[in-house]
Every structure is written in structure tokens, then in C-alpha cells.
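Taking it in order: structure first as C-alpha cells, then the write-up.
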Amino acid sequence: MATEDRFAPLPAPIWKTSRSTPRWLRTLTRLYTQPASAFGTTVFLFFIIIALIGPFIAPYGATEQIRADARQVPSAAHFFGTDRLGRDIFSRVIIGSRDILELAGLGTLLAVLAGTLFGLASGYKGGLFDEILFRLFDSLLAMPALLLALLLLGTIGPSRNSILAVIVVVYTPIVGRVVRSVVLGVKPKGFIEAAQVQGETTFHILFREILPSVFPALAVEAALRFSYAIFLVASLGFLGVGIQPPSPDWGLMVNEARNYVSLTPWALYFPAAAISLLVIGVNLMADGLKRALQVDI
Amino acid sequence: MRKIVIALVLLLFVLSSGLVNAAAPLQQEGGQEYTVQADDWLSKLADKFYGDVFNWPAIWLGTNQKAAADSSFAMISNPDIVEVGQKLWIPDAEEAAALLAEYSGGAAPAAATGGAPSGTLRVAWDIPVQLDPAFASSDSEIAILNAVYDYLVDIDPGNNIRPRLATRWAVSGDGLTYTFTLASGATFHDGSPLTANDVVWTFNRLRDPALELPTADLYQNITNVEATGDLEVTFTLAETNPFFLFDLSDNHAVILQADTADPATEFNGTGPFRVVNYTPEDRMQLQANENYFMPGKPGVAELEFIFFSDQAASVDALRGGQVDLVMRMPTPLFLALENEAGINTVSVPTNGFDLIRLRSDREPGNDPRVIQAMKLATDRQAIFETVTLGLGAVGRDSPIGPLFTAYYSEATAMPQRDPAAAQALLAEAGYPDGLQLDLHVPDSGDRPDLAVVLKEQWAEAGIDVNVIVEPESVYYGDNGWLEVDLGITGWGSRPIPQFYLDVMLVCDAEWNESHYCNPEFDQLVQTAGTTLNEQERVQAYNEIQRILIEEGPVIIPYFFPQLGAISENFTGLELKAFAGRTDLTTIRPAQSQ
């Protein structure tokens, strides 16, 4: 799989780039060469913008209940209709995007940081420390993510911080694994041995010598984890162990609307569509990123 | 020889008619009026006029029938209590016999339609956990008990006591002795006949303090239960209890065979259905009991209880034809079913309610102004319309609901909603910046929506609520709900208001979640629960309602309805407020006439 991508002929880039173009811009243009990853990246950027400006463009408050407007079909006054308590679905979806991206994003970031640290240290050090730590990670990996999440939430109780903790615990092992495998591949290389002989500190070796090699794989893994984290947050909200009502969490909205699907189906379809769109978008972007970054090596 | 025989026969006729005349009741044709004297009670009068203490229902029903047309007669709501000076109607023998027959189950109308039971009725329920009658509590568990066993007496949808295994009963004048006659011909599913000993064993088990059953408290007023005949049982009470018959019909009090080793698995009852197969968490299959002691019941040949872990799934199954009857569903699904072809929906009001309470024994609830502020900030009408969608009834902060027609009172006015005044009260109580509280809510029924609507309403008064929705097993588990400061609890429908007062609002009540303690209030509850004077009780309940509205610890925004939906292939559903007690023997396949 990796080798095939590596040697596949490159399509013509959309914009002319050169060595002087910043790397991130080069990566972005490569993302737009394929229609699938172009779509995914556009969706992701669109939701980022919505999350940033959402509270300013939302016509109603996220928890504002207008009894007279309860259970209304989508219309000009309420683009996505209203739910059983008279809350505007459009406003809730927009404002809810901020919550879900923030939570999933922060959680993924923390998981990536932790996983990188563990992976680097463990891969470089080796020995008993590596053995024990990664057997532990393996056992965590063996459990389905949702099950692990439910067990943890059952113990520490549902709240915003506990969901962050859950994302970190569930995804650190995978990130750690990926980083460790890259480190193990790089460790026997000549420049590492040279640095060791030169007397560089471990810190320098890890972060200035090894990390750049890890970075592409890490970026792809982070994007992939991000899409799964979004799905995990939505699932936990749906199961009722995520953020508590009346928060406009998309998963929670789907759960609340479930019983009312015959009266207000739009209250269920729009949040569900938003979840699907975002998860698929980020996933496609991660795929494109994988191809784009491998090319750069 | 022949002449002697004829003479003897004639003599026999004369003597027997003479006997009949001697025991003839002192009544005229068509019945008569009678004014209650001191030391009169219905069974004593029945003995006087009919020669049989157990014929008191004739006088009761006869008086009530008269009262409907003639206002000089007062309706008797509780037949154990008659007042001196009250006018009674004593029907004549024929009329009395007809009234008695009607009272004892009225099997005649049902038997007239259909003959033998036919068809299979499939009912959807939640998964039952506890099948020992002493511990069962959920609708599905009680439904199983109601099908497999019998109660001594039943409570009909109009809140009246009806005979079941006990066909007749009489109460002594001082109200402390109750004598019951059991149905003859009732047998357990294993073939052995029902005797008084089985009833005695059942109630001794339920009230045994050593077993620590939930009913031990309820029946601690009973000092003695004994078999005074092969089919006669006598209960002796320590204190008068005007609601004793309702207590005897408690959900747990089904009659078991004496010395049953393991009631949770043996399913050996006298009831209208016999268990054929039970697969836990899947389904229970039952067959009509051909030897059931009530003729003409049940109406269906086979009964199947199918268990669902999700109420929405059970409604879908009803739509798809996999079940015929669903009696527990969220309100919005009920509304969706109302317009569905092939399904009939039923809704009955109940005495069950959801309440919101703040602990009044510690901060911030120990300052009555805080609770007052919360009450002022709540718009019960809005909650009723939004959360229960207008089904059921609006609440007035007291568990005595509108169905208790004799006791419900609107004499004390409910204050208008005023968030500004609420905010001022909070400032006065020492919270000028408002309050911040955690609200614990079980995730069943309409309670999560109630929490969300309440949060919005209270925000206007400066009370910032953090909603925490928990599964029922977490909220009620380890009695955590009794510890939290602010919580929403659902209370199922009960036939008498006294129950709620006794277990929820008196100082040492077992489930006093608000930790409310007011000795004056306790005194009123005590009076209401023991006096045989109906007027006194009505007054006590009125005063109780006043106290609860003005300074009580709980907010009751609504009484919820009981909802049911049945396939058009069946008729005869008489839905009860507590769904599990619905009498499934009245349901039979619809005739395609």
C-alpha cells in the first residue's frame, strides 16, 4: 500500500509550486489534486470557519426555547426547523460544531502529544521499559474504543474534562505505536549513530534528529485520529454519557430527537448529516494528506 | 299411608315457609330508607336487613344509585365509613341479589360474547428482573404477577375495591377486624385447591419483619391473620385504617401457595394464565387457565409477554404487527400512533407525577425563601404543555391529584409565576448573585425534557442549574437520589393519596427525599390516615394541600397520563393508571361483525 502510492505517477499540481513555497502550502495544493481529498479538505475548512464565526451568524441562541415555534417544519424563519422544545436546529448545529471540533481537536492534540512522547522515548530507549509500556498499550488497543470509553466514563462520570481524558486514553496507544515503529526504522540509520558519537543530548537526538522523520506519518495519523475522535464524541453524546443537555452536542441532539422522529424528523436528520459530513470529510482529507506527505519525503 | 305422606309433605311446606317468614327481613317491597344510628356499620345493617353480613355491597350500591338521582342521599365513597344521620337506601331482596351479582365481578356480560377463549395476545414490556412477588415492582413484573396469580381484591379504574379471590368481606364496627370469604373452586396451577391457609401464609410472609420486605412497613398495623374457616380469613388491626382494603391490594400482595419454596421461579398461582415457557430477557409464554374460578375469563387462549430493552422498539414492533399491545411509551410516540391505521390508542389520567425537590435540611434549601423562590420561578402550565404535550393534568405542588375527587382542592390559590420576585427573595435569603446547583435527573420518561425546560425558566430568576442526566440504575441505585440536593423523581400512580404522604413527606418517612420535617404536618397526615370520620379526613387533606402549596418542599408540575396502544384485532382493553395492573382477562379478539 505505502510502496504503491510512493511510486504512482503524480498528477499535475493545480498550482505551480517550487522549493521556496512554504511546505504547508505545497501540501495543501497536493491535497487538492485529487477530487476526494479536495472535497474532504473543503468540508473540513468549511466547518472550521463555521465553528469560528458560528455564534455570530446563528439567528437564535443554542438553548433558546420558543414555545410558540415548537415542532416546526424547515422554513425561512427556521432553516432547519425547530425541535420539540422550540429550539432552532440550524443555530444548534452551527454552535454545536464549535463544541465538537474543540473537544475532538483538543483531545486529539493531547493524544498525539502523549503518543509522540511515549513513542519516541520507548522506541529510542528500548529494553524492558519499551516492552512493558507497549504490552500495556496493546491491551488497551485490544478493547473496542467505545467500550473503553464507556468503562472510563462510568468510573469518572460524564463531563467535558472526562471526555478529553477518554479521548487521550483511547487514542494515545495507536499514535504511540505509529511513532515507535518509525523510530525503530530510523534508529539504526547512520546519522543517529553519528549524533550519539558526537555526544548530543538525548533530547536533541529525539527532537531534532528523529522527530522530523516521524512527522509525516504522525500528521496523517493525527488527521485520522481526529476524524475518529469526532465520531467518538458524537457517539458518546448519543449514548447520553457525553456532554449533558441542553448543550447543542450533535450526538445528544440525535439521541433526543430519536423518540420524536415521526413528529420532527428534521431534528434528527440535520445533526446526523452534519456528523457524517464532517467525519467523512476529515477522513478523506487524512487520506489525501497521506499521499501528499509521502511524496514530500 | 299415602295420606300420611301427603300430610307430612304439606307440613314440611308450611314449616319451611314459616321459617322463611321468621327470618324474613323487615323490609317492604321495593326497598326502604334508613337513617344511620350510632354504632351502625354497613355489615351490621346487612345482617339486620338481609340476615347476612356479607351482603353489605347491596346497601352501598343501592344508596349510590339512589344518590345519583336524589340529592337527599349522599354518595358513599368509602363503604367502611358511614356517618350518624346519613340516609341509606336498603334495596329489596331481588334488587339486592342483582346488585351483589354485579359487584362480584360481573362475569355475565363478558361470557355473553364469545364462548371459549381464543387467539393469542402479544404484549410488549420492559425486561423484568425480579419475579418474586415480595420484591417485584416494575410494570412488567407486576403484569406477570397479575396474570399468573390473583389478589384478594382489585381496584377498578374508578378507584373502587372489587372482589377477586375474596368474594365477600365484612368489617367490624370498631374498624379493627376484617373477615373475608374466599372464592370456592379456586385452584392453583398444580391442581391443589386454594384454602385460607394459603392467604394466611402469604400475608405472614409479607409482614414478617425478619425478611425485611418492602411490605413489612405497610402491614405492620396488622396484628393477626388467621384462618377462621376453610375459606374464611380474618385480619385484626392495631389501629383503624380507612384504606386497609387498598393496602391489601398492594402490588406485592398476590396469594401464593403455602410453603412455596422459591416464588421467583415456581409460578404456581391461581391466576387466569399459566406459565408455559419463560426465557429471561426474551419472552414469557402463557396459556389460559381452563380451571380459572371466574367464569368467562380470560378472553384469549394464549398470552405472550415479549420483552424489549427500548420503548421505541416496542412501538415499532406494534406498527409492524409483531406485538398487539404496548402500554409503556414516550408521549411523542403515542401522538404519532394516534393517526395510525389499525391501531387504537388509549390514554387515562393517573395520580402519578414527577416532582422536583431541594433538600430542606441543609444549605441552600434550609432557608424556606430559597424554595419559595424556586416555586415562583416555575411555570407549571408551560411545563405541562411542552413536556407532557397537554396529556395528563397540571400539578399544584401536592401529591393529591385531581383524580382523588373527594380530596383534591383548589381552595388555596397557586401564586403567579414571577421571576423578578424570585430573584428578590433569593437576594433576601443571602444569595444576591443567584444560585448554582447540580440537578440530577433519571433518563426515563419525560424527566430529561422537564430538566431542560426548568433550567431555562429558572435562569430568568438567577438560578443557574447544571443538568446531570443519569441512567435510572445510577439515580436510584444505593439510594443516591435521597442524598443529592436537587433532583427530579418520578412517582408511579397509587390509588390513595395517603401512600405518598406516609412514605415521602412525614419526618421519618422511608423515602423522604426532601428531608422535610414539620410536626404540624405530620399530625395532619396521621389524622387523615387513621380517622374513620370522612369529614375530618377531607379537612385534613385540604389543610395539607394548603401547607404544601405555601411552604412545602416539592414542586409538582404535572400528573402524567398512562398511555396505551392496541391492535384493532383485539377489543376490551381497560387500561389502568398503573399499567402492570391492567386486567388482561377483559381483552378478547375482535369479532369481525
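The values are calculated or read from the model by the stated rules, or taken from the named source; none is laboratory data. Fair warning: this is a prediction, and the values are worked out from it, not measured in the lab. So basically every Cβ, Gly included, is an ideal-geometry build from the backbone, and we count neighbours across all protein chains shown.
Do we have residue A:210 as in a helix (DSSP H, G or I), more than 13 Å from chain B (Cβ to nearest Cβ) and modelled with pLDDT under 90 here? So that I can check it myself, show each step before the final result.
Values: in a helix (DSSP H, G or I): yes; more than 13 Å from chain B (Cβ to nearest Cβ): yes; modelled with pLDDT under 90: yes.
Answer is yes for this residue.
Which of the residues spanning segment B:450-481 are among the charged types (D, E, K, R), outside any helix (DSSP H, G or I) and within 11 Å of another protein chain (Cβ to nearest Cβ)?
Step one: list which residues in segment B:450-481 are among the charged types (D, E, K, R), which gives B:455-456, B:460, B:464, B:470, B:472, B:478.
Then keep just the ones that are outside any helix (DSSP H, G or I); that gives B:460, B:464, B:470.
Hit for segment B:450-481 is B:470, nothing else.
Here are the criteria: (1) more than 14 Å from chain B (Cβ to nearest Cβ); (2) of a type in the set (S, T, N, Q); (3) under 21 Å from residue A:254 (Cβ atoms). Tell me which single one residue A:122 does not satisfy.
Residue A:122 satisfies every listed condition except (3).
Among the residues of segment A:66-90 satisfying the criterion of being away from chain B (no Cβ under 14 Å) and in contact (Cβ under 8 Å) with a residue 60 or more places away in the chain, which is surrounded by the fewest Cβ atoms within 10 Å (Cβ to Cβ)?
Within segment A:66-90, the match that is surrounded by the fewest Cβ atoms within 10 Å (Cβ to Cβ) is A:73.
Kindly indicate whether any position in segment A:103-111 is modelled with pLDDT of 95 or more and among the hydroxyl-bearing types (Ser, Thr, Tyr).
yes
Restricting to segment B:378-391, name every residue that is part of a helix (DSSP H, G or I) and either surrounded by 21 or more Cβ atoms within 10 Å (Cβ to Cβ) or away from chain A (no Cβ under 14 Å) (or both). Walk me through how you get there before you give the answer.
Our first condition is that a residue be part of a helix (DSSP H, G or I); within segment B:378-391, this holds for B:380-387.
Residues satisfying the conditions are B:383, B:386, B:387.
May I ask you to list the residues in segment B:413-440 that are charged (D, E, K, R) and either crowded, with 16+ Cβ neighbours inside 10 Å or under 29 Å from residue B:469 (Cα atoms) (or both)?
Let us first name the residues in segment B:413-440 that are charged (D, E, K, R), namely B:417-418, B:428, B:433, B:438.
Correct list: B:417, B:418, B:433, B:438.
Write out, first by first residue and then by second, each pair whose Cβ atoms fall under 6 Å of each other, whose residues are 6+ apart or on separate chains, and whose first residue, in segment A:152-177, is crowded, with 24+ Cβ neighbours inside 10 Å while the second is acidic (Asp, Glu).
A:175/A:221
Between B:489, B:530, which is under 30 Å from residue B:83 (Cα atoms), among the β-branched types (Val, Ile, Thr) and touching a residue at least 40 places away in the same chain (Cβ under 8 Å)?
Details: B:489 fails: under 30 Å from residue B:83 (Cα atoms).
After ruling out the rest, the residue left standing is B:530.
Take the residues of segment A:252-268 that are within 8 Å of chain B (Cβ to nearest Cβ) and not in a helix (DSSP H, G or I): which is farthest from residue B:449 (Cα to Cα)?
Once the filter is applied, the top-ranked residue is A:262.
Is there a residue being aromatic (Phe, Trp, Tyr) and under 25 Å from residue B:328 (Cα atoms) anywhere in segment B:535-548? So that I can check it myself, show each step before the final result.
Applying the first criterion (aromatic (Phe, Trp, Tyr)) to segment B:535-548 yields B:541.
Checking the rest, the ones that are also under 25 Å from residue B:328 (Cα atoms) come to none.
Within segment B:535-548, not a single residue is aromatic (Phe, Trp, Tyr) and under 25 Å from residue B:328 (Cα atoms).
May I ask you to verify whether residue B:359 is basic (Lys, Arg), surrounded by fewer than 23 Cβ atoms within 10 Å (Cβ to Cβ), modelled with pLDDT of 90 or more and in contact with a strand residue (DSSP E or B) (Cβ under 6 Å, 6 or more places away or on another chain)?
Spelling it out, it is not the case that residue B:359 is basic (Lys, Arg), surrounded by fewer than 23 Cβ atoms within 10 Å (Cβ to Cβ), modelled with pLDDT of 90 or more and in contact with a strand residue (DSSP E or B) (Cβ under 6 Å, 6 or more places away or on another chain).
Could you look through segment B:382-397, keep only residues that are closer than 17 Å to residue B:412 by Cα and of a type outside the set (A, V, I, L, M, F, W, C), and pick out the one that is nearest to the chain's Cα centre (by Cα)? If you could, list the steps in order and put the result at the bottom.
Let us first name the residues in segment B:382-397 that are closer than 17 Å to residue B:412 by Cα, namely B:394-397.
Applying the additional criterion that residues be of a type outside the set (A, V, I, L, M, F, W, C) yields B:395-397.
Values: B:395: 19, B:396: 21, B:397: 21 Å.
Out of the qualifying residues, it is B:395.
Which of the numbered conditions does residue B:375 fail, given that it passes all the others? Conditions: (1) buried (at least 20 other Cβ atoms within 10 Å of the Cβ); (2) outside any helix (DSSP H, G or I); (3) more than 14 Å from every other protein chain (Cβ to nearest Cβ).
Status for residue B:375: all satisfied but (2).
Given the conditions (1) within 14 Å of chain A (Cβ to nearest Cβ); (2) at pLDDT below 90; (3) over 29 Å from the mean Cα position of the chain (by Cα), which single one is not true for residue B:368?
(1)
Suppose the filter is in a helix (DSSP H, G or I) and within 14 Å of chain B (Cβ to nearest Cβ); does residue A:221 pass it? Write out each step before concluding.
Working: in a helix (DSSP H, G or I): yes; within 14 Å of chain B (Cβ to nearest Cβ): no.
No, not satisfied.
Name every residue in segment A:44-97 that is more than 27 Å from the chain's Cα centre (by Cα), part of a loop (DSSP other than H, G, I, E, B) and among the polar types (S, T, N, Q), in order of residue number.
A:65, A:72, A:75 - these are the residues of segment A:44-97 that are more than 27 Å from the chain's Cα centre (by Cα), part of a loop (DSSP other than H, G, I, E, B) and among the polar types (S, T, N, Q).
Can you confirm whether segment A:180-202 contains a residue that is more than 14 Å from chain B (Cβ to nearest Cβ), of a type outside the set (Gly, Ala, Ser) and closer than 30 Å to residue A:251 by Cα?
Of the residues in segment A:180-202, the ones more than 14 Å from chain B (Cβ to nearest Cβ) are A:180-202.
Add one more test, that the residue is of a type outside the set (Gly, Ala, Ser), and what stays is A:180, A:182-184, A:186-189, A:191-193, A:196-198, A:200-202.
Keeping just the survivors that are closer than 30 Å to residue A:251 by Cα gives none.
The answer is no; no qualifying residue exists.
Can you confirm whether residue B:427 is out of contact with any His (no Cβ under 7 Å at 6 or more places or on another chain), more than 14 Å from chain A (Cβ to nearest Cβ) and not in a loop (DSSP other than H, G, I, E, B)?
Criteria met by residue B:427.
I'm trying to understand the selection: among the residues of segment B:227-258, which are more than 23 Å from residue B:181 (Cβ to Cβ) and surrounded by fewer than 19 Cβ atoms within 10 Å (Cβ to Cβ)? First the steps, then the outcome.
Initially, segment B:227-258 is screened for residues more than 23 Å from residue B:181 (Cβ to Cβ), giving B:238-239, B:251.
Result: B:238, B:239.
Residues to consider are B:388, B:345, B:378; find the one that is touching a strand residue (DSSP E or B) at 6+ places or on another chain (Cβ under 8 Å) and more than 26 Å from residue B:316 (Cα to Cα).
Numbers: B:388 fails: more than 26 Å from residue B:316 (Cα to Cα); B:345 fails: more than 26 Å from residue B:316 (Cα to Cα).
From the options B:388, B:345, B:378, the qualifying one is B:378.
Rundown of residues vs (1) closer than 29 Å to residue B:568 by Cβ; (2) part of a loop (DSSP other than H, G, I, E, B); (3) at pLDDT 90 or above, yes/no style:
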site	(1), (2), (3)
B:111	yes, no, no
B:115	yes, yes, no
B:123	yes, no, yes
B:146	yes, no, yes
B:158	yes, yes, no
B:179	no, no, yes
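Checking the structure you have, find out if any residue of segment B:188-199 is touching a Gly at 6+ places or on another chain (Cβ under 8 Å), of a type in the set (Phe, Trp, Tyr) and closer than 23 Å to residue B:131 by Cβ.
Within segment B:188-199, one or more residues are touching a Gly at 6+ places or on another chain (Cβ under 8 Å), of a type in the set (Phe, Trp, Tyr) and closer than 23 Å to residue B:131 by Cβ.
Does residue A:60 satisfy the condition of being aromatic (Phe, Trp, Tyr) and either within 14 Å of chain B (Cβ to nearest Cβ) or surrounded by fewer than 15 Cβ atoms within 10 Å (Cβ to Cβ) (or both)?
Details: aromatic (Phe, Trp, Tyr): yes; either within 14 Å of chain B (Cβ to nearest Cβ) or surrounded by fewer than 15 Cβ atoms within 10 Å (Cβ to Cβ) (or both): yes.
Here the answer is yes, as residue A:60 does meet what is asked.
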